[in-house]
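> Handing you a structure now.
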Amino acid sequence: MRRLALSVLLLLLLSGCGGQMSPDEAQESIQVLAMDTAMLITTYGERSPAAAYACEDTIRDLEKQLSRTDPDSEVSRLNAAGGEAVEVGEDLYILLHEAACLSAETRGAFDVTVAPVVSAWGFTEDSFRVPSQAELDGLLKLVDYNAVYDRYLPTADPRAAAIGPGQAIDLGGVAKGYAADKIVKVLQEHEVPRANINLGGNVLAYGDRPDGTPWRVGIQDPARVDEQNAFAGVLALTDSFAVTSGGYQRYFEQDGKTYHHIIDPATGYPADSGLTSVTVVAPALEGFLNGTMCDAYSTALFVMGEEQALDFWRDRSAGVFELVLVTEDGRVVVTEGLADRFTLDESSGYTLEVASR
Ligand code: ADP
Ligand code: MG
């Protein structure tokens with residue numbers, strides 16, 4: 001019912017604008033509640049309804065495999081296997097390998113094995129608590145992506161995966177990015193000319209807008225999360241992923257302190273690096289896992305902080321990815337590749353800085 005109501009509403013809005021609907025401007029918009037967030041999928045073109053529902057199917061199918069709260073998911077079976085190899089499907093096989101590589105590349109700022117610590121803080125089951133240092137010290141011994149990486153060497157059975165005894169994996173920091181990667185393929189298969197896919201902080205700006213201008217992707221102002229449409233700035237993007245991680249997305253308060261869901265695997269505590277959000281932008285290309293990369297990087301660079309994040313960016317070739325960092329001390333730092341695509345929201349009060357190579 002919700003789907004129906006939304007598409008009717010959008011159609012009304014469209015005709016209300018007085019626009020002529022040419023066949024390729026047909027549009028479908030659906031809301032999907034999955035992966036612990038509200039998603040909005042808007043597709044265009046003659047096959048837009050089929051495309052939008054195929055995107056939803058892709059997301060639901062992935063959630064079924066990757067959820068940590070569903071005891072029947074593949075991830076739950078792997079986490080419960082006590083170090084034994086288990087048979088997994090193609091998606092988990094690919095994503096686990098990718099996540100292990102991204103863990104190594106970010107030197108564990110993103111760590112796919114951080115699950116036991118995330119759970120200790122209650123972020124998995126929404127039963128929030130502050131664990132003792134002794135408890136964290138014990139759990140941190142299990143956090144080591146190398147165990148996954150090492151065990152992942154090609155085996156006789158290419159669909160087997162294993163993690164170390166006592167370890168658990170959490171793909172919450174990459175699952176939406178991987179879903180966005182798969183959605184690029186779905187959109188191409190349905191010959192969708194343009195689409196705007198928002199998977200809760202993970203945006204895919206596919207093609208351009210119906211009027212030929214780039215999609216406008218607002219970056220939430222972390223200091224004004226209670227206000228809708230309170231942006232630090234807006235990005236003009238075509239065929240790009242834009243993935244944001246911030247401490248404001250999921251948190252709890254205890255004794256006047258705020259604890260958020262992005263854990264620094266070096267301390268076991270929520271990351272406290274001076275950044276309030278990190279947005280990673282990269283080209284959306286079929287056959288690459290750039291959505292997954294953006295998602296892992298946004299989490300990792302939020303943990304690293306400004307200086308290390310910019311070093312990480314400078315270490316990679318131009319065009320691989322770009323950044324928008326929002327800092328606790330009131331600055332927005334944009335890497336030079338985005339300088340002419342980013343507009344600061346003047347009412348936000350931030351000062352804009354452009355980082356060069
Ligand atoms: P969101 O899922 O809110 O968009 P992120 O992509 O940054 O935000 O992912 C945060 C999720 O990733 C957490 O909810 C947790 O499940 C997991 N996580 C938290 N810290 C880390 C970390 N350092 N490395 C890998 N995964 C993490
Ligand atoms: Mg992420």
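The values are calculated or read from the model by the stated rules, or taken from the named source; none is laboratory data. Small disclaimer: the values here were computed from a predicted structure and weren't measured. Cβ sites come from the backbone with ideal geometry, for glycine too, and all protein chains shown count toward neighbours. Each accessible area value is taken on the protein alone, full model and side chains, heavy atoms only, with ligands, DNA and RNA left out. Shrake-Rupley method; radii C 1.70, N 1.55, O 1.52, S 1.80 Å.
> Roughly how many Å² of Arg314 are accessible to a 1.4 Å probe, to the nearest 10?
100 Å²
> Suppose the chain between Glu346 and Leu285 were pulled fully straight at 0.36 nm per residue; how much longer would it get relative to their current alpha carbon spacing? Before the final figure, lay out each step's value.
Details: separation 61, 0.36 × 61 = 21.96 nm, distance 3.26 nm.
Result for the pair: 18.7 nm of gain on full extension.
> Report, for the range 263-357, the % of DSSP beta bridges that are antiparallel, rounded to 5. Numbers along the way, then the final one.
Numbers: 10 of 15 bridges.
Roughly 65 percent of the beta bridges in the range 263-357 run antiparallel, per DSSP.
> Shifting gears a bit: Calculate, for the chain, the solvent-accessible area per residue in square angstrom, rolling a 1.4 angstrom probe over the heavy atoms of the protein chains. Show your work: numbers first, answer last.
Details: 16100 Å² over 357 residues.
Result: 45 Å² of accessible area for each residue.
> Could you please state how large a percent of the accessible area of the range 213-357 is carbon and sulfur, counting protein chains only and using a 1.4 Å probe?
Numbers: 2830 of 6320 Å².
Reported share for carbon and sulfur atoms: 45 percent.
> Provide the gained length on full extension for the span Glu87 to Arg60, in nm with one decimal, where the gain is 0.36 nm per separating residue minus the Cα-Cα distance. Walk me through the numbers on the way to the answer.
Numbers: separation 27, 0.36 × 27 = 9.72 nm, distance 2.05 nm.
Length gained, Glu87 through Arg60: 7.7 nm.
> Here is a further query. Once you've got the GNM for the chain with C-alpha springs shorter than 10 Å, pick whichever of Ser119, Ser298, Ser277 has the biggest mean-square fluctuation.
Per the Cα network of the chain with a 10 Å cutoff, Ser119 tops the list.
> Name the aspartates and glutamates eligible as straight-distance cross-link partners of Lys182: C-alpha to C-alpha under 16 Å, and not fewer than 8 places from it in the same chain.
Glu56, Asp57, Asp61, Glu63, Glu90, Asp91, Glu98, Glu191, Asp239, Glu286, Asp295
> Quick test of the membrane-span-like rule: which DSSP H helices of the chain reach at least 24 Å along their long axis (C-alpha atoms) with mean Kyte hydropathy at least -0.5?
Values: long enough: 48-66 (27 Å, -0.45).
TM-like helix candidates: 48-66.
> I've got another one for you. Below 8 Å, C-alpha to C-alpha, sequence gap of six or more: please give me the relative contact order for the chain in percent. Display every interim value, and only then the final one.
Numbers: 694 pairs, mean separation 53.1, N = 357.
After rounding, I find 15 percent.
> Cut-off under 14 Å on the C-alpha distance; same-chain residues fewer than 8 positions from Lys257 excluded. Which aspartates and glutamates are left, in chain and number order?
Reachable aspartates and glutamates: Asp272.
> Turning to a different aspect of this structure: Looking at the chain as a GNM with Cα springs under 10 Å, which of Leu62, Leu136, Leu102 has the largest mean-square fluctuation?
Among Leu62, Leu136, Leu102, the largest GNM mean-square fluctuation belongs to Leu136.
> Going from most exposed to least, what order do Lys176, Lys185, Lys141 have by accessible area with a 1.4 Å probe?
On the way: Lys176 40, Lys185 100, Lys141 165 Å².
From most accessible down to least: Lys141, Lys185, Lys176.
> What is the set of long-range amide H partners of Ala232 at a cut-off below 5 Å, with H atoms built 1.01 Å from backbone N?
Result for Ala232 returns Ile219, Gln220, Asp221.
> Here's something else I'd like to know. So, with a 1.4 angstrom probe, what is the percent of accessible area on the range 101-212 that is carbon and sulfur?
Numbers: 2280 of 4530 Å².
Carbon with sulfur: 50 percent of the solvent-accessible area.
> I've got another one for you. Starting from the residue with the highest accessible area, list Asp72, Asp311 in decreasing order, probe 1.4 Å.
Numbers: Asp72 125, Asp311 75 Å².
From most exposed to least exposed: Asp72, Asp311.
> On a 1.4 Å probe surface of the protein chains, which of Glu125, Glu63 comes out largest in accessible area, and what is the full order? Intermediate values should be presented prior to the final figure.
Numbers: Glu125 125, Glu63 55 Å².
From most accessible down to least: Glu125, Glu63.
> Which value, in debye to the nearest 20, gives the size of the charge dipole of the chain about its Cα centre, when Lys and Arg are +1 and Asp and Glu are -1 at the Cβ? Spell out each step's value before the answer.
Numbers: 26 positive and 54 negative charges, 53 e Å.
My answer is approximately 260 debye.
> Residue by residue through the range 197-206, what is 3J(HN,Hα) from phi via Karplus (6.51 cos²θ - 1.76 cosθ + 1.60, θ = phi - 60°)? Round to whole Hz and write x for glycine and proline.
Rounded to whole hertz, the list is 10, 10, 9, x, x, 10, 10, 10, 9, 9.
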